[in-house]
1. From Leu424, Leu451, Leu393, grab the single residue that is farther than 30 Å from Ala314 by Cβ and among the hydrophobic types (A, V, I, L, M, F, W, C).
2. Taking the stated definitions as given, is Cys480 open to solvent by less than 20 Å² (accessible area, probe 1.4 Å), in a loop (DSSP other than H, G, I, E, B) and in contact with a helix residue (DSSP H, G or I) (Cβ under 6 Å, 6 or more places away or on another chain)?
3. Which residue is farthest from the chain's Cα centre (by Cα), if the candidates are limited to segment 359-400 and must be hydroxyl-bearing (Ser, Thr, Tyr) and over 30 Å from Ala172 (Cα atoms)?
4. What is the one condition in (1) in contact with a strand residue (DSSP E or B) (Cβ under 6 Å, 6 or more places away or on another chain); (2) under 29 Å from Gly422 (Cα atoms) that Tyr491 does not satisfy?
5. Suppose we keep only residues that are open to solvent by less than 50 Å² (accessible area, probe 1.4 Å) and charged (D, E, K, R) within segment 213-241. Which one would you say is modelled with the highest pLDDT?
6. Answer yes or no as to whether Lys331 is among the basic types (Lys, Arg), over 16 Å from Phe489 (Cα atoms), buried (at least 18 other Cβ atoms within 10 Å of the Cβ) and modelled with pLDDT under 80.
7. Please find, within segment 64-84, the residue that is nearest to Gln152 (Cα to Cα) out of those that are modelled with pLDDT of 80 or more and open to solvent by 20 Å² or more (accessible area, probe 1.4 Å).
8. Hey, does segment 142-149 have a residue that's more than 18 Å from the chain's Cα centre (by Cα), open to solvent by less than 30 Å² (accessible area, probe 1.4 Å) and either hydrophobic (A, V, I, L, M, F, W, C) or within 24 Å of Tyr420 (Cβ to Cβ) (or both)?
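The values are calculated or read from the model by the stated rules, or taken from the named source; none is laboratory data. Everything quoted here is computed from the prediction, not taken from an experiment. Please note: Cβ atoms are built from the backbone with ideal geometry, for glycine as well, and neighbour counts cover all protein chains shown. Accessible surface areas use protein heavy atoms only, side chains included; no ligands, DNA or RNA. Shrake-Rupley method; radii C 1.70, N 1.55, O 1.52, S 1.80 Å.
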Amino acid sequence: MSKSHTKKYDPEEAEAANKSTMIDVPNLKGDWLNFYLLLLLYVLQGFPIGLTFTLPLILQSRKMVTYEEQALFSIVLWPFTLKVLLAPLVDSLYVQRIGRRKSWLLPLQYSVGIILMYMASNIDIWLPESGKPNLKMIVSVVFAMNVLSTIQDVVVDGWSLTMLKRNNVGHASTCNTSGLPIGMFIGSVCPILLVSEDFTNKYLRVMPTTGGLITLQSFLFLWSIIFLLITTLIGIFKKEKDSRLELDHVKISVFQNYKLLWDIINKPKIKLLAMALLTARFGFSGTDSASNLKLIDAGVSKDDIMITTTGMYAVKFIMPIFVSKYCSGSKPMDIYLTMIPIKLIWSITYMILIYYTPSLINHNGVINVPIYYYFSLASIFTVNEMLSFVMLLSLTAFFCRLSDPRFGGTYMSLFNTFYYVGWLIPNTLVLKIVALLTFCTCSNDIRNSCLTPDSKRLCALNGGSCQVYVDGYYLTVIICMVIGFVWYFFYKNKLKNYQPMSNSEWSINVS
């Protein structure tokens, strides 16, 4: 008769095993305040970006600038390409008594608030209702604000890896991809709709009156106060963890941090990932960069575009509830790659909509937008934004999984810089290409090619109109789509193979 052997139950061993099993399971209990603070920081970070996106629409609606000047304005987003160079400074230089991240966050957000106040006091002069805008001053001020926002981005990305508990770090991507759209919504939609007399009379007022609900000047002034107030409250009430108490904390100099950055970039896996990120968004840039401008040219008002965009932001706010647990799983790159061909094909719907827009909304010279057109526009926008959001959420989760929390600002900034540069370069190029491939002529003077606002006005003064016979938008979108599919088939399997790798494959040893 065999004797059965049973292992004696050890409560301490069972508890240790249970902790080991549960340590990586997300649980925001006791971490909700940090979660909401991180969300708020990303909202503030998204506001200047949203403001940057809405100014080109205002300029385009007033027929004040050309596509070449729009390309010039697009350089205001280029400070985000400096993230990777600024991250080592942010990770290394700080006042321990204030906090590793607060040492940077407080002066940065105070500076953004001051710039917004300065912009508010001058915006009516720089952007008059009629006449040529002071594009030089607008570009200079917005560029400076985006430089500060870029450094803030580094700070918040780094803080997101330590503000939340280790098992909740995956929720940092949710804060990022939810907070940024909220801030961008406020910065882009509100300055157009709340300032619009037509919109406020139609939807927000009982009795019509002149002017919008607020002026652009008062809107900017209000948000300057919000930045200053929230920054003050964070400085007083938020206590940052002492980084020296973290078990894996490594204090290194600025020089060592730049050497660390160089070591990270020189890893073969990082080089391949960098090339993929730098070229990933070229396939969508034709649609994402120029479509709204083309809709305005076709006769759709900026108010209608912003109303539709408002619905898109509502989708972005709700989507994390349903998709974050899938995008933050063990294989976020699979989800990202699945969305790419769908989004590329969806570009065709934009071309069809823009091509037929003039005939659908223009009736004998009178703009009358039918209900079904709004429905079509909203449907196309919604699908495109859902695809973009899922891709961004998945990619951010992928970055969080690869980043070494000891040098979170450097790692996250490196990955995000590759991604942003991969968007900014084609964004600027596409507007140039659209202008280059577009050919038009004055109806009563074939020598006038209508390339500048002055030549267009001259054509109109002589009783003619500028007529496009080759529209560069459609050619540009097709070229971008082809490039996008080439990218997809080249990088698909290479990027999928990165997911099973352990964190040690991405870590850097610091002596």
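1. After ruling out the rest, the residue left standing is Leu451.
2. Details: open to solvent by less than 20 Å² (accessible area, probe 1.4 Å): yes; in a loop (DSSP other than H, G, I, E, B): no; in contact with a helix residue (DSSP H, G or I) (Cβ under 6 Å, 6 or more places away or on another chain): yes.
Spelling it out, it is not the case that Cys480 is open to solvent by less than 20 Å² (accessible area, probe 1.4 Å), in a loop (DSSP other than H, G, I, E, B) and in contact with a helix residue (DSSP H, G or I) (Cβ under 6 Å, 6 or more places away or on another chain).
3. Looking at the filtered set, the residue picked out is Ser359.
4. (1)
5. Lys238
6. Considered against the rule, which asks whether it is among the basic types (Lys, Arg), over 16 Å from Phe489 (Cα atoms), buried (at least 18 other Cβ atoms within 10 Å of the Cβ) and modelled with pLDDT under 80, Lys331 comes out as no.
7. The extreme case among them is Trp78.
8. no
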